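Trainee: Quick one: structure below, then a few questions.
The values are calculated or read from the model by the stated rules, or taken from the named source; none is laboratory data. Values in this document were obtained by computation on a predicted structure and should not be read as measured data. So basically every Cβ, Gly included, is an ideal-geometry build from the backbone, and we count neighbours across all protein chains shown.
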Amino acid sequence: MSDQLQRINEPISTSELERRWSAVRAAMAAERVDVLLMQANNDFMGGYVKYFTDLPATNGYPVTVAFPKDERMTVIAQGPFGAERAFPPEGDGLRRGVGRFLGVPSFASAGYSLAYDAELAERALEPHAGGTIGLVGLGTLPVSLIDRLKRGRLSNAKFVDATDLVDRIKAVKSAEEIAHMRRTAEMQDAAMAAAFAAAEPGKRDIEVAAVAEHYCLDHGSEQGLYLCCSHAPGEPVLFANRHVQNRVMRAGDVFTLLVESNGPGGYYTELGRSCVLGKVSAEMEDELALLLEARRFTLERLVPGASAKEIWDAYNGFLAARGKPAEKRLHCHGMGYDMVERPLVRWDEPMAIGAGMVFACHPTYLTQHLFNSICDNFFLGPSGPAQRLHAFPEAILERG
């Protein structure tokens, strides 16, 4: 194995990439789209770039991809001015399906420099100046880029939103993708156990979350969020990011951790649990039982062909009937290369639930006395109930 290949963390197989490219190109032909354009600058919710190239965007640096219907991709990313490299059809082990790499030092924090990235994107798309350009992920394509393309040499091109075209394919996971997601879930089970084993009075929240992160990095993860909180009984707070994880734990506290990381291959799953630095109260046990019942309620309705809106409405009816606050954000959603991926199980989601999708289901609510949450991932097969990918106990652990 070459030194270059040894450096790559869990590459996706070339046959899997070819499956994706073929499926997307067939959809492009059916919808008469000549080329797709996408950009990402992070690997939390920058999954389109990863999906097509098996390389994540990171650190806030923009990565732009032009994916033609009949040719190999052009990738534009961080590099010196004038950087350009052509690849043979088989790629170089790192870049597969890419015909050309163009480098430029553009930075989101230096707004004027984004014009350089846009200029290279215009150059990559120029062969399609009279065709149809499909924009993928409107929330991640900067205004500066699209404005330049529409005003410049591509002004005669037709621009369409091709996000749904890709989402319909990306949401349904192959056997290889499911295998990677199972490994991520298994990794998170062990990371949660390690973190809870380290939780004790005198530790800061961030120190315990760091145990989970360290475990994940040691076992194939590249990125993740580790949201947590500790609080005294009867003084609940919501879990949050590192900026507010400085509290020191005390005896009797409740500690809640959400491990929301990717794993080998770059796929995200998420696992959320609570432990007590003492004894679990009867009230906590009752609330957990209700959380599990609420989750079963959703999973029973999470079947191929189901309407996300109908599940959402029924779930809020379930909560109301039990005197619990309504869900107003998101309690169940798809996952994959994105931490949150379509379909969202919510009133505004038009995509139907489908077989082959993986969902995070995390009923969560705050009461006067407790922060209640539990989170696992589930794979939806062609028939039967969704299968839980995690194996961590569905319980509140005691750390006495």
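Trainee: State whether the residues of segment 208-222 include one that is assigned by TED's automatic domain parsing to the domain that holds G334, hydroxyl-bearing (S, T, Y) and surrounded by 16 or more Cβ atoms within 10 Å (Cβ to Cβ). Break it down into steps so the answer makes sense when it comes.
Mentor: Quick first cut of segment 208-222, residues assigned by TED's automatic domain parsing to the domain that holds G334 only: 208-222.
With the extra rule that they be hydroxyl-bearing (S, T, Y), the set shrinks to 215, 221.
Filter once more, so that each one left must be surrounded by 16 or more Cβ atoms within 10 Å (Cβ to Cβ): 215, 221.
Checking segment 208-222: at least one residue is assigned by TED's automatic domain parsing to the domain that holds G334, hydroxyl-bearing (S, T, Y) and surrounded by 16 or more Cβ atoms within 10 Å (Cβ to Cβ).
Trainee: Ok, one more. Is there a residue in segment 160-172 that is touching a helix residue (DSSP H, G or I) at 6+ places or on another chain (Cβ under 7 Å), assigned to a loop (DSSP other than H, G, I, E, B) and not assigned by TED's automatic domain parsing to the domain that holds A360? Step through it out loud before you land on a result.
Mentor: Filtering segment 160-172 for residues touching a helix residue (DSSP H, G or I) at 6+ places or on another chain (Cβ under 7 Å) gives 161, 163, 165-166, 169-170.
In the following step, the residues that additionally are assigned to a loop (DSSP other than H, G, I, E, B) were identified as none.
Taking every residue of segment 160-172 in turn, none turns out to be touching a helix residue (DSSP H, G or I) at 6+ places or on another chain (Cβ under 7 Å), assigned to a loop (DSSP other than H, G, I, E, B) and not assigned by TED's automatic domain parsing to the domain that holds A360.
Trainee: Just to be sure I understand, how many residues within segment 102-118 are surrounded by 19 or more Cβ atoms within 10 Å (Cβ to Cβ) and either at pLDDT 95 or above or under 21 Å from F52 (Cα atoms) (or both)?
Mentor: Narrowing segment 102-118 to residues surrounded by 19 or more Cβ atoms within 10 Å (Cβ to Cβ): 102, 104, 106, 114, 117-118.
Now narrow it down to the ones that are either at pLDDT 95 or above or under 21 Å from F52 (Cα atoms) (or both): 102, 104, 117-118.
Residues that pass the stated criteria total 4.
Trainee: Which one of V49, V35, V75, V65 is of a type outside the set (D, E), free of Cβ contacts under 8 Å to residues at least 40 places away in the same chain, out of contact with any Ser or Thr (no Cβ under 7 Å at 6 or more places or on another chain) and crowded, with 22+ Cβ neighbours inside 10 Å?
Mentor: Values: V35 fails: free of Cβ contacts under 8 Å to residues at least 40 places away in the same chain; V75 fails: out of contact with any Ser or Thr (no Cβ under 7 Å at 6 or more places or on another chain); V65 fails: out of contact with any Ser or Thr (no Cβ under 7 Å at 6 or more places or on another chain).
Matching residue, one of V49, V35, V75, V65: V49.
Trainee: Collect the residues in segment 261-270 that are surrounded by fewer than 24 Cβ atoms within 10 Å (Cβ to Cβ) and either within 9 Å of the chain's Cα centre (by Cα) or free of Cβ contacts under 8 Å to residues at least 12 places away in the same chain (or both), keeping them in residue-number order. Break it down into steps so the answer makes sense when it comes.
Mentor: To start, the set of residues in segment 261-270 that are surrounded by fewer than 24 Cβ atoms within 10 Å (Cβ to Cβ) comprises 264-265.
Hits for segment 261-270: nothing passes.
Trainee: Does segment 173-207 hold any residues that are among the charged types (D, E, K, R), surrounded by fewer than 23 Cβ atoms within 10 Å (Cβ to Cβ) and part of a helix (DSSP H, G or I), and which are they?
Mentor: At the first step, the residues of segment 173-207 found to be among the charged types (D, E, K, R) are 173, 176-177, 182-183, 186, 189, 200, 203-205, 207.
Retained after the next criterion (residues that are surrounded by fewer than 23 Cβ atoms within 10 Å (Cβ to Cβ)): 173, 176-177, 182-183, 186, 189, 200, 203-204, 207.
Across segment 173-207, the qualifying residues are E176, E177, R182, R183, E186, D189, E207.
Trainee: Got at least one residue in segment 179-194 being assigned by TED's automatic domain parsing to the domain that holds E283 and either more than 22 Å from the chain's Cα centre (by Cα) or over 26 Å from D338 (Cα atoms) (or both)? Show your work before the answer.
Mentor: From segment 179-194, those assigned by TED's automatic domain parsing to the domain that holds E283 are 179-194; that's our starting set.
From what is left, the residues that are either more than 22 Å from the chain's Cα centre (by Cα) or over 26 Å from D338 (Cα atoms) (or both) are 193-194.
Yes.
Trainee: I would also like to ask the following. What about S113, is it over 23 Å from the mean Cα position of the chain (by Cα) and of a type outside the set (D, E, K, R)? Quick ask: steps written out before the conclusion?
Mentor: On the way: over 23 Å from the mean Cα position of the chain (by Cα): yes; of a type outside the set (D, E, K, R): yes.
It is true that S113 is over 23 Å from the mean Cα position of the chain (by Cα) and of a type outside the set (D, E, K, R).
Trainee: Here's a follow-up. Filter segment 293-350 down to the residues that are of a type in the set (D, E) and not in a loop (DSSP other than H, G, I, E, B), then identify the one that is nearest to N372 (Cα to Cα). Walk me through it before giving the result.
Mentor: Going residue by residue through segment 293-350, those that are of a type in the set (D, E) are 293, 300, 310, 313, 327, 338, 341, 348-349.
From the residues that got through so far, the ones that are not in a loop (DSSP other than H, G, I, E, B) too are 293, 300, 310, 313, 341.
Numbers: E293: 13, E300: 21, E310: 24, D313: 20, E341: 23 Å.
My answer is E293.
Trainee: Can you tell which of A386, A395, A321 is surrounded by 14 or more Cβ atoms within 10 Å (Cβ to Cβ) and modelled with pLDDT of 95 or more?
Mentor: A395
Trainee: Still on this model: Could you name every one of the strands (runs of 3 or more DSSP E) located completely within segment 23-139 that has at least 2 residues being of a type in the set (G, A, S)?
Mentor: Working: elements: 35-40, 63-68, 73-77, 84-86, 98-103, 132-135.
In segment 23-139, the matching strands (runs of 3 or more DSSP E) lie at 98-103.
Trainee: Consider segment 365-392. How many of its residues are touching a Lys or Arg at 6+ places or on another chain (Cβ under 9 Å) and without any contact (Cβ under 8 Å) to a residue 60 or more places away in the chain?
Mentor: Number satisfying all stated conditions: 1.
Trainee: Regarding V248, is this residue among the β-branched types (V, I, T), surrounded by 17 or more Cβ atoms within 10 Å (Cβ to Cβ) and not assigned by TED's automatic domain parsing to the domain that holds M45? Quick ask: steps written out before the conclusion?
Mentor: Working: among the β-branched types (V, I, T): yes; surrounded by 17 or more Cβ atoms within 10 Å (Cβ to Cβ): no; not assigned by TED's automatic domain parsing to the domain that holds M45: yes.
The answer is no for V248.
Trainee: While we're on this one: Does any residue in segment 279-302 that is within 13 Å of T367 (Cβ to Cβ) come within less than 9 Å, Cβ to Cβ, of a residue that is among the basic types (K, R) and surrounded by 12 or more Cβ atoms within 10 Å (Cβ to Cβ) six or more places away or on a different chain, and which pairs are these?
Mentor: Partner pairs satisfying both residue conditions: L290/K324.
Trainee: In segment 153-194, which residue that is in contact (Cβ under 8 Å) with a residue 24 or more places away in the chain, of a type in the set (A, V, I, L, M, F, W, C) and in contact with a Phe, Trp or Tyr (Cβ under 8 Å, 6 or more places away or on another chain) is nearest to Y268 (Cα to Cα)?
Mentor: Restricting to residues being in contact (Cβ under 8 Å) with a residue 24 or more places away in the chain, of a type in the set (A, V, I, L, M, F, W, C) and in contact with a Phe, Trp or Tyr (Cβ under 8 Å, 6 or more places away or on another chain), the top hit is M181.
Trainee: Looking at A210, is it under 26 Å from N42 (Cα atoms), in a helix (DSSP H, G or I) and among the aliphatic types (A, V, I, L, M)?
Mentor: Values: under 26 Å from N42 (Cα atoms): yes; in a helix (DSSP H, G or I): yes; among the aliphatic types (A, V, I, L, M): yes.
Yes.
Trainee: Can you confirm whether segment 209-216 contains a residue that is modelled with pLDDT of 95 or more and in contact with a Gly (Cβ under 7 Å, 6 or more places away or on another chain)? Break it down into steps so the answer makes sense when it comes.
Mentor: So the first thing to find is which residues in segment 209-216 are modelled with pLDDT of 95 or more, and the list is 209-216.
Still in the list and also in contact with a Gly (Cβ under 7 Å, 6 or more places away or on another chain): 213, 216.
Checked against the condition, which is being modelled with pLDDT of 95 or more and in contact with a Gly (Cβ under 7 Å, 6 or more places away or on another chain), segment 209-216 yields at least one hit.
Trainee: Output the number of residues of segment 352-397 satisfying the condition of being under 18 Å from A308 (Cα atoms), assigned to a loop (DSSP other than H, G, I, E, B) and either touching a helix residue (DSSP H, G or I) at 6+ places or on another chain (Cβ under 7 Å) or not assigned by TED's automatic domain parsing to the domain that holds A193 (or both).
Mentor: Going through segment 352-397 one residue at a time, the tally reaches 4.
Trainee: Going by what's in this entry, would L217 be described as assigned to a helix (DSSP H, G or I) and not charged (D, E, K, R)?
Mentor: Details: assigned to a helix (DSSP H, G or I): yes; not charged (D, E, K, R): yes.
The answer is yes for L217.
Trainee: Moving to a separate point now. Take the conditions in contact with a Ser or Thr (Cβ under 6 Å, 6 or more places away or on another chain), farther than 22 Å from I133 by Cα and in the same structural domain as V166 (by TED's automatic domain parsing) and apply them to S13. Does it pass? Break it down into steps so the answer makes sense when it comes.
Mentor: Working: in contact with a Ser or Thr (Cβ under 6 Å, 6 or more places away or on another chain): no; farther than 22 Å from I133 by Cα: yes; in the same structural domain as V166 (by TED's automatic domain parsing): yes.
So S13 does not fit the description; no.
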